[in-house]
Amino acid sequence: EPEVTQTPSHQVTQMGQEVILRCVPISNHLYFYWYRQILGQKVEFLVSFYNNEISEKSEIFDDQFSVERPDGSNFTLKIRSTKLEDSAMYFCASRGQNSPLHFGNGTRLTVT
Amino acid sequence: GESVGLHLPTLSVQEGDNSIINCAYSNSASDYFIWYKQESGKGPQFIIDIRSNMDKRQGQRVTVLLNKTVKHLSLQIAATQPGDSAVYFCAESPSSSNTGKLIFGQGTTLQVKP
């Protein structure tokens, strides 16, 4: 069964550094998303991406965040200058036109 | 504000029994609902979804019930197995045009006793 894959599984970075989280969505999907889950809390929507542009974003997704689909298979989330409070699990997700959202297994980001 | 919540943080059941996990939502305009299972160290795994024009939908060993009158959603798991042990999240979509934008509840931990 096709799945969303994310790399790396764990990323440790120092405060103020830039990080790029990578995702390969399911190949025939058209809609792409990033969510995050702070330890012990619920999963939160960050951003949705369709037709090479952001379709919606949450208040969390400020100017420090950006997304990109650099080629036909990858979808990335960049955090320009990480803060301690950015530490969380980041989940990439994708869906087709009329299909449910499928999540990857996440990247655990630890900011020290 | 909008919120999706679960009635119980932990549910413990005996293997073979049926499980019922409940969820309350607050946005009466939501028209799409979905249940996810999350095992330790993994991402949310799709279980079943339902649109607001239905009140029941069945899958393999799972049934989702939607009561729009009281804004309540439930997940029933038949013949619960040890592999069903996980955290279960309900989620709603407040946007009919972007059903991937979901508001998640806090989650219910299901523990299956052998």
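The values are calculated or read from the model by the stated rules, or taken from the named source; none is laboratory data. What you are looking at is a predicted structure, and each value in this text was computed from that prediction instead of being measured. So basically every Cβ, Gly included, is an ideal-geometry build from the backbone, and we count neighbours across all protein chains shown. Keep in mind that these areas ignore ligands, DNA and RNA; they rest on the heavy atoms of the full protein, side chains included. Shrake-Rupley method; radii C 1.70, N 1.55, O 1.52, S 1.80 Å.
Here segment A:22-45 is the region considered, the condition is being more than 9 Å from chain B (Cβ to nearest Cβ) and either in contact with an Asp or Glu (Cβ under 6 Å, 6 or more places away or on another chain) or not in a loop (DSSP other than H, G, I, E, B) (or both), and the residue that is most open to solvent (accessible area, probe 1.4 Å) is A:ARG22.
Taken over segment B:9-21, residues that are modelled with pLDDT of 95 or more and either part of a loop (DSSP other than H, G, I, E, B) or touching a His at 6+ places or on another chain (Cβ under 6 Å) (or both) amount to 4. The residue list A:SER48, A:SER94, A:SER66 contains one member that is part of a strand (DSSP E or B) and over 23 Å from B:GLN45 (Cα atoms), which is A:SER66.
Scanning segment A:69-79 for residues that are assigned to a loop (DSSP other than H, G, I, E, B) and either touching a Phe, Trp or Tyr at 6+ places or on another chain (Cβ under 7 Å) or exposed (fewer than 13 other Cβ atoms within 10 Å of the Cβ) (or both) gives A:ARG69, A:PRO70, A:ASP71, A:GLY72, A:SER73. The residues in segment A:97-112 that are under 26 Å from B:SER97 (Cα atoms) and part of a loop (DSSP other than H, G, I, E, B) can be counted, and the count is 8. Residues in segment B:28-37 that are within 9 Å of B:TYR88 (Cα to Cα) and within 8 Å of another protein chain (Cβ to nearest Cβ): 1 in all.
To keep it simple, each residue is scored yes or no on (1) part of a loop (DSSP other than H, G, I, E, B); (2) surrounded by fewer than 21 Cβ atoms within 10 Å (Cβ to Cβ).
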residue	(1), (2)
B:ASP49	no, yes
B:VAL64	no, no
B:SER74	no, yes
B:SER95	yes, yes
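When B:LYS42 is tested against (1) within 12 Å of chain A (Cβ to nearest Cβ); (2) under 13 Å from the mean Cα position of the chain (by Cα); (3) under 26 Å from B:GLY16 (Cα atoms), exactly one condition is not met: (2).
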